[in-house]
Structure formats: C-alpha cells, structure tokens
Amino acid sequence: MNAPRPTSWNLPNALTVLRTLLVPLLGWMLIAHPDQPGWRLATTGLFLAAMLTDLIDGHLARKYDLITSFGKLMDPIADKAMTGVALIGLSVTGELPWWITVIILVREWGITLMRFVVIRYGVISANRGGKTKTVLQTVAIVLFLLPLPSLGSPFSLVMVPDAIGWIAMIGALILTVLTGLDYLREAWKLVRSTDRDRDLA
C-alpha cells in the first residue's frame, strides 16, 4: 500500500511563500535608501534572512518527507524572485552593470519558463549545481549590499563592493550560465525519454 502523499499545506512551503512575500519589501528598501548605511545593513539582513529560509525549508522538507510538487516548483521561483530584485536594485542604484543583471535574469526566468513548458513531462527539481549557483549568487549579492568601511575613515561606510565582491559576482555569473545549459540538457532528456516511453506503450 502506497504511503499518502504529503499535503502542500506544510511549514517548508509556508517558508517559501514567506520568502516570496518579502521580495517587494527588499526592492523598496534597496532602491528607496541606497546610500544610507543603516538601511543598507537592514536590507542586507533581510536578504540574508530570506535566503536562509531556503536552506531551512529544504532541510525540513527532506527530513520530514514533506517534498511536494508545489515546493519543487515554487522554491526555485522564490529564490529567483529574491535574487532578481536584489540584482535589479543594485543596477538601478548604479552599483552593478546592467549587462550582468540582464544575463542572470534571462537565464533564471528562461529556465523557470522552461520548467512550466515541460511540466507535463515531469518536474525538473533544482540539482546540486543549481543550489551551488544560488549560494554563490547569495554571497555575491551580500558582498555588494554590505556597506564597507571607507578608505578615508574606518568609521565612514560606503556602498562600494571590493575585489572579493566582484570575484564572487563574476563567478556567480559564470556558474549561472553553465547550470542553465545543464538544465536545458535535463529538459531535453526528460522530453525525449517521455516521448520514447509513449512510443513504446
């Protein structure tokens, strides 16, 4: 006898929804107060706390067998919305070149759209490469959001990313593109496998 499937009404999915609801608040905090160190610290804290819920909901879902189709689909979407609004905000404030933001967003939402297109063949869950990409994006964005001590005075904070921030961001950009190509390969294999099974049926 098959075990009952977990309901979508559970704590991991609630954390995913909460992360999604925090997206507009993050965007407002970043764009409305780009040059105020106190606000930037609060914005960084909100972003980091929201992204940490991704680790928590994934851990709870696996530990208590609460993995659902809703969670598989919405969890990466919530991550993309959170990182996307942070990247857009940093580009609006002139701290991150738009071409980096555009490349990352085209990849992220292109893969999300692809997931919806192939959902009739099956759900493509986030793999290890995708999770590593999300972690690296998170680190890079935090380094860009954090106000750093000014060279002129250790008591003066400025919103200028250092070399480590740029290295992390370029690394996140490269990994984002590479994992996007890997997801396209997985989608192609899923569609081909399903069509082949139908032909043999």
Q) Given 0.36 nm per residue, what is the gain on full extension from Trp109 to Lys63 after removing their alpha carbon distance, in nm? A) 13.7 nm
Q. In square angstrom, rounded to the nearest 10, how much accessible surface does Phe70 have for a 1.4 Å probe?
A. 80
Q) What is the gain in length, in nm to one decimal, between Val177 and Val135 on full extension, counting 0.36 nm per residue of separation less the C-alpha to C-alpha distance? A) 13.7 nm
Q.
What FRET efficiency comes out for Ile164 versus Arg192 if R0 is 45 angstrom and r is the Cβ-Cβ distance? Round to the nearest 0.05.
A. 0.60
Q) Which distance in nm do the two modelled labels at Arg185 and Leu148 give, with both placed 7 Å along the Cα-to-Cβ direction? A) 3.5
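The values are calculated or read from the model by the stated rules, or taken from the named source; none is laboratory data. This is a predicted model, so every value here is computed, not measured. Because the Cβ atoms are built from the backbone with ideal geometry, glycine has one as well, and the counts that use them run over all protein chains shown. Heavy atoms of the whole protein, side chains included, go into the accessibility calculation; ligands, DNA and RNA do not. Shrake-Rupley method; radii C 1.70, N 1.55, O 1.52, S 1.80 Å.
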